[in-house]
1. Stokes-Einstein at 10 °C, 1.306 mPa s, Kirkwood radius from Cα pairs: D for the range 101-173 in µm² s⁻¹?
2. Roughly how large, in nm² to one decimal, is the mean projection of the convex hull of the alpha-carbon atoms in the chain?
3. Gain in length, residue 121 to residue 95, computed as 0.36 nm per residue apart minus the alpha-carbon separation, to one decimal in nm?
4. Calculate one ³J(HN,Hα) per residue across the range 164-170 by plugging θ = phi - 60° into the Karplus curve 6.51 cos²θ - 1.76 cosθ + 1.60, and present them in order as whole Hz with x for glycine and proline.
5. What does the extension gain come out to for residue 150 and residue 108, with contour length at 0.36 nm per residue minus their alpha carbon separation?
6. How far is it, in nm, from the label point at residue 36 to the one at residue 83 when both lie 7 Å from their Cα along the line to the Cβ?
7. Is the shape of the range 30-119 best called rounded, prolate or oblate, per the rule: a/c under 1.5 gives rounded, else a/b larger than b/c gives prolate, else oblate, with a ≥ b ≥ c the square roots of the Cα gyration tensor eigenvalues?
8. Can you give the FRET efficiency to the nearest 0.05 for residue 7 and residue 69, using r as the Cβ-Cβ distance and R₀ = 30 Å?
Amino acid sequence: MQSSQRHERDSLIIGRFQPFHNGHLEVIRKISEASDNLTIGIGSAQNSHTVNNPFTAGERYRMISNTLKDSDISNAYIVPMEDLNRYSIWVSHVVSMSPPFKVVYSNNTLTRRLFIEAGYEVKDSPLYNRSEYSGTEVRRRMLFGEDWRSLIPRAVADVIEDIDGIGRIRGLSDDV
Ligand code: ATP
Ligand code: MG
């Protein structure tokens, strides 16, 4: 294979995965099929223990890793990525943390703009059942005691139970 063709089918997707849900799994399944290797970046890795970002990077890593194993997805790397408050060098920061990639899947306007300016191929990723499959909706249901388990993979629910994620979210929401 010529070196210019190397990594042409290697791709990147970034999310906060607070928590990882069925929409994330569906899109990653699709991207994994279209890629040789796929990097899943855990964004805002430094954040945890807030109502909107309850889980640590390590907990999110476990959720994703166990789900990939259950789903027979074997070509994905998981890389935690901390925020940088300097967008002009954010792409270099991501590249420095990630295995090689040429294609970026994102619907986020800023992410798309930054990678396009840096010369990457940027593709839309399809949204699945977005009214239910969203991190915000999963966290809302956890807080109000509604059915959150049906929105996430079994392995993610197991991690949340293991770390008493519901107790954590409800405890955090008590502060005013
Ligand atoms: P939050 O509501 O906390 O922002 P989220 O569901 O938007 O959570 P993020 O952790 O922000 O998920 O991850 C964003 C990435 O996941 C984006 O690339 C987005 O396109 C993708 N994504 C989110 N929900 C879905 C879905 N239902 N189907 C496909 N992709 C999704
Ligand atoms: Mg989001």
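Any read-out appearing in this document is the output of simple, stated calculations on the displayed coordinates, not a laboratory observation. Values in this document were obtained by computation on a predicted structure and should not be read as measured data. Note: ideal-geometry Cβ built from the backbone for every residue, glycine included; neighbour counts use all protein chains shown.
1. Estimated via Stokes-Einstein, D reaches 109 µm²/s.
2. 10.6
3. 8.0 nm
4. Once θ is set to phi - 60°, the couplings for the range 164-170 become 6, x, 5, x, 5, 4, 5 Hz.
5. My answer for the length gained is 12.6 nm.
6. Distance between the two pseudo-spin positions: 3.5 nm.
7. Judged from the Cα gyration tensor, the range 30-119 comes out oblate (a/c at least 1.5, b/c at or above a/b).
8. That pair, residue 7 with residue 69, gives E of 0.75.
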